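A.B. asks: Pasting in a structure now, in structure tokens, and then I'll have a few things to ask.
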Amino acid sequence: MKKLACYGECFVLAGVVGLGLHAPLHAQPAPPDFCFVISEPGDADKPLSRAYVVNQQYRERVFYYNSDRYWLKPDTIITLPSRDLFQTDNGGWRVYTPLVGVSGSRILVIAGKDTMRIDLPDDPLPLMERAWRRWDLPSPEVMRFKPGRTWEVSTCINEYQAGVAANQVLLPRLQKEAEWVPPPMEIPPPGLRPPVKPVVPPPPPSPAEIEREIAARPGLKRVRIARVLGDSVWVRITGRVMLNGGCGSGMPLFGIDLLTDSGWVERLPVRQEQMDCGMPWIDWRNQEVLLPPLRWWVGVDSPAATKELLPGTYRIVLMGANMKNLATPAFQLP
């Protein structure tokens, strides 16, 4: 079983309210969000001075279970919060980060009776990649306030003066605040480089080392039958017991022995493999555990000719973390 585990981008709008993205992928460090600021119309690299609000209208996707298909909820409108662009002397710049991963998304910048609409793509990856190329910390795109029309976000952020403001005016100041040091333009010559020590991986453990490690683990101390109801059996476990490794599972690995005229024989052997999602073992003290119904369990895990679990005398066999088995006292299965 494979173990399961946001990306985003931000931009600055010039004269328009900004958008914001959530980060759907988690990385260390996380990539910058797509965000934006809004500036005055024209060529002035100044924040919009009019009082305005920025709304986002979108439709949320709801995916069908175990499928890449989805349906859309009705339109939702939210007011995007904002933050200061600079730490000191902010000068009125407000940064907005829109939601991403939604459909039919658009930004509405409302200043009095004037409204500017900016349409966002369903796929936010190009916007996020643009933010990643610009800097490794969030830096906004600049969009100028031009009311009365609907604009594609690519038209707003690719406008010449907006690009100049973002990359030549705002970004250098953000980098200065973060005490950012640009990487060297050239690689030092070989004589000036510190020697690089080769990484030598440790050798794999030998079979004898593996056996010693397993033998050193704590094992089972006591197992007994708590009660039996039909083919449902409750066992009490003390010691370190091997689990089946399922996600959030506390089910121990177990087998079933049958008492015959010649002694105990394996009716269902203890499995020698685990899933890799949950814990491999656990320490219990007099822990009561309900096992799966034995007849169903045998029917699922046995060949066709031996699926039936007949009435008789049985015992449960559990495996300790030291790979040693311990059996419960006998019990009758009706």
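A.B. asks: Tell me the strands (runs of 3 or more DSSP E) entirely within the stretch 102-181 that contain at least 2 residues that are in contact with a helix residue (DSSP H, G or I) (Cβ under 8 Å, 6 or more places away or on another chain) and closer than 13 Å to residue 35 by Cα. Break it down stepwise before answering.
C.D. replies: Details: elements: 103-111, 114-119, 141-144, 150-152.
Result: 141-144.
A.B. asks: Looking at (1) under 23 Å from residue 211 (Cβ atoms); (2) surrounded by 13 or more Cβ atoms within 10 Å (Cβ to Cβ), can you tell me which one residue 273 breaks?
C.D. replies: Failing condition for residue 273: (2).
A.B. asks: Just one of the numbered conditions (1) modelled with pLDDT under 80; (2) in the same structural domain as residue 62 (by TED's automatic domain parsing) is not true of residue 128; which one?
C.D. replies: (1)
A.B. asks: Of all residues in the stretch 33-64, how many are aromatic (Phe, Trp, Tyr) and surrounded by fewer than 23 Cβ atoms within 10 Å (Cβ to Cβ)? Walk me through how you get there before you give the answer.
C.D. replies: Pass one, the stretch 33-64, residues aromatic (Phe, Trp, Tyr): 34, 36, 52, 58, 63-64.
Checking which are surrounded by fewer than 23 Cβ atoms within 10 Å (Cβ to Cβ) leaves us with 52, 63-64.
Matching residues across the stretch 33-64 total 3.
A.B. asks: Then there's this: Just checking, how many residues over the stretch 69-87 are outside any loop (DSSP other than H, G, I, E, B), farther than 18 Å from residue 142 by Cα and over 25 Å from the mean Cα position of the chain (by Cα)? So that I can check it myself, show each step before the final result.
C.D. replies: At the first step, the residues of the stretch 69-87 found to be outside any loop (DSSP other than H, G, I, E, B) are 70-72, 76-79, 82-84.
Now narrow it down to the ones that are farther than 18 Å from residue 142 by Cα: 70-72, 76-79.
Narrowing the set further to residues that are over 25 Å from the mean Cα position of the chain (by Cα) leaves 76-79.
Total meeting the criteria: 4.
A.B. asks: Another question about this same structure. Whether any residue in the stretch 273-295 is under 13 Å from residue 257 (Cα atoms), polar (S, T, N, Q) and either in a strand (DSSP E or B) or more than 33 Å from the chain's Cα centre (by Cα) (or both) is what I want to check.
C.D. replies: No, every residue in the stretch 273-295 fails to be under 13 Å from residue 257 (Cα atoms), polar (S, T, N, Q) and either in a strand (DSSP E or B) or more than 33 Å from the chain's Cα centre (by Cα) (or both).
A.B. asks: Could you count how many residues in the stretch 200-234 are farther than 28 Å from residue 277 by Cβ, in the same structural domain as residue 288 (by TED's automatic domain parsing) and not in a strand (DSSP E or B)? I'd like the intermediate steps shown before the answer.
C.D. replies: In the first step, residues of the stretch 200-234 are kept if they are farther than 28 Å from residue 277 by Cβ; the result is 200, 203, 206, 208, 222, 224-225, 227-230.
Now drop any that are not in the same structural domain as residue 288 (by TED's automatic domain parsing), which leaves 222, 224-225, 227-230.
Filter once more, keeping what is not in a strand (DSSP E or B): 230.
Total meeting the criteria: 1.
A.B. asks: Moving on to the next point. As an exercise: evaluate residue 237 against (1) at pLDDT below 95; (2) in the same structural domain as residue 299 (by TED's automatic domain parsing) and give the number of the one condition it does not meet.
C.D. replies: So the condition that residue 237 fails would be (1).
A.B. asks: Kindly indicate the residue of the stretch 139-149 that is at pLDDT 80 or above and out of contact with any Ser or Thr (no Cβ under 8 Å at 6 or more places or on another chain) and also surrounded by the most Cβ atoms within 10 Å (Cβ to Cβ) among those meeting that condition. Walk me through it before giving the result.
C.D. replies: Pass one, the stretch 139-149, residues at pLDDT 80 or above: 139-148.
Now restrict to residues that are out of contact with any Ser or Thr (no Cβ under 8 Å at 6 or more places or on another chain): 139-141, 146.
Values: 139: 26, 140: 35, 141: 31, 146: 19.
The extreme case among them is 140.
A.B. asks: Return the only residue of 66, 90, 55 being assigned to a loop (DSSP other than H, G, I, E, B) and farther than 22 Å from residue 173 by Cβ. Talk me through it step by step, then tell me what you get.
C.D. replies: Details: 90 fails: farther than 22 Å from residue 173 by Cβ; 55 fails: assigned to a loop (DSSP other than H, G, I, E, B).
The match here is 66.
The values are calculated or read from the model by the stated rules, or taken from the named source; none is laboratory data. What you are looking at is a predicted structure, and each value in this text was computed from that prediction instead of being measured. No Cβ is skipped: glycine too gets one built from the backbone with ideal geometry, and neighbour counts run over all protein chains shown.
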